[in-house]
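In what follows, a structure is listed as structure tokens, so that the remarks can point back to it.
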Amino acid sequence: MASVQHAEGDRRDFLFLATGAAAAVGGAAVVWPFISQLAPDAATVAAGAPVELDLSSIAAGAQIKILWRGKPYFVRNRTEAEIKAAQDVDISTLRDPETDAHRVKEGHAKWLITAANCTHLGCVPLGNQGDYGGWFCPCHGSHFDTSGRIRKGPAPKNLPVPQYTFVSETRIRITGAAAA
Ligand code: FES
């Protein structure tokens with residue numbers, strides 16, 4: 001059945017992909033009908049089946065968080081300004097040098113998908129905050145840019161990008177965990 005639910009007491013944009021292979025979520029937490037034919041059996045889900053996520057309801061500049069395989073992930077629809085800021089960085093100045101192009105899919109630069117655990121000690125950073133407009137981790141003060149790259153603070157690495165593919169213009173399939 002429907003595979004998205006709120007975390008009790010959590011922010012309203014924190015959505016859980018509890019079961020199933022397909023889910024649609026939006027800023028208002030709209031849950032679209034689940035296509036049961038696409039659902040893997042429970043054992044497959046428990047083993048960490050790939051999930052598909054509809055992006056069409058995520059507005060420009062907004063992000064959602066999902067839980068998959070027990071770990072949170074950010075899905076962010078970046079604005080043109082955020083994309084430009086990420087692309088304009090001289091990566092030789094970065095602690096964990098990666099181009100923005102390396103962290104997104106070609107032709108889909110507005111979509112940034114990353115693990116949502118800070119690479120310092122695992123807190124979940126806050127979106128659209130910090131000195132670089134990406135994320136700020138309040139636990140010990142790490143700042144990430146709009147590409148999820150560490151720019152300041154104790155985190156040693158960028159927010160990792162999971163393995164995923166676009167199955168349509170507005171739909172992704174997440175198939176593998178982000179490398180630590
Ligand atoms: S866990 Fe994020 S800065 Fe320490």
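Values in this text are rule-based calculations from the coordinates and carry no lab data. What you see is a predicted model; the values in this text were computed from it and never measured. For neighbour counting, all protein chains shown are included, and Cβ atoms are generated from backbone atoms with ideal geometry for every residue, glycine included.
The count of lysine pairs in the range 42-180 whose Cα atoms are under 21 Å apart, excluding pairs fewer than 8 places apart on the same chain, comes to 8. Packing around the peptides 161-169, 55-63, 146-154, taken as the average count of other Cβ atoms within 10 Å per residue, puts them in this order, highest first: 146-154, 55-63, 161-169. Neighbour counting of Cβ atoms within 10 Å sorts the residues ASP88, ASP100, fewest neighbours leading, into ASP88, ASP100. Within a Cβ distance under 13 Å of PRO156, other residues only, what is the Lys/Arg minus Asp/Glu net charge? Its environment carries a net charge of +4.
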